[in-house]
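Take a look at the structure below.
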Amino acid sequence: MMTLDEIRAALTDRNARRVAERTGLGYNTVIRVRSGLNGDYSYRVLKTLSDYLSGQGAEHDQDAA
């Protein structure tokens, strides 16, 4: 599983709305993680993003933010 810093770095060039749609997470949750706001994220959120970004989750998204 990716660390929070790795997840944030991987999200910088991603379309947050598309990541949210493809992971089932809320758009605001994806934005908060990417922006570093409210560092108290559940394991499920971090695992979902990690799996997605490492190509193990929902369809991998290469679109720019």
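Numbers at a glance
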| read-out | value |
| --- | --- |
| Subset of region 22-46 [part of a helix (DSSP H, G or I) and surrounded by 15 or more Cβ atoms within 10 Å (Cβ to Cβ)] | Arg22, Thr23, Thr29, Val30, Ile31, Arg32, Val33, Arg34, Val45, Leu46 |
| Boolean, Glu59 is touching a helix residue (DSSP H, G or I) at 6+ places or on another chain (Cβ under 9 Å), open to solvent by 40 Å² or more (accessible area, probe 1.4 Å) and modelled with pLDDT under 95 | yes |
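The values are calculated or read from the model by the stated rules, or taken from the named source; none is laboratory data. This is a predicted model, so every value here is computed, not measured. Methodologically, a virtual Cβ is constructed for each residue, glycine included, from the backbone with ideal geometry; neighbour enumeration extends over all protein chains shown. Surface accessibility is based on the protein's heavy atoms, side chains included, excluding ligands, DNA and RNA. Shrake-Rupley method; radii C 1.70, N 1.55, O 1.52, S 1.80 Å.
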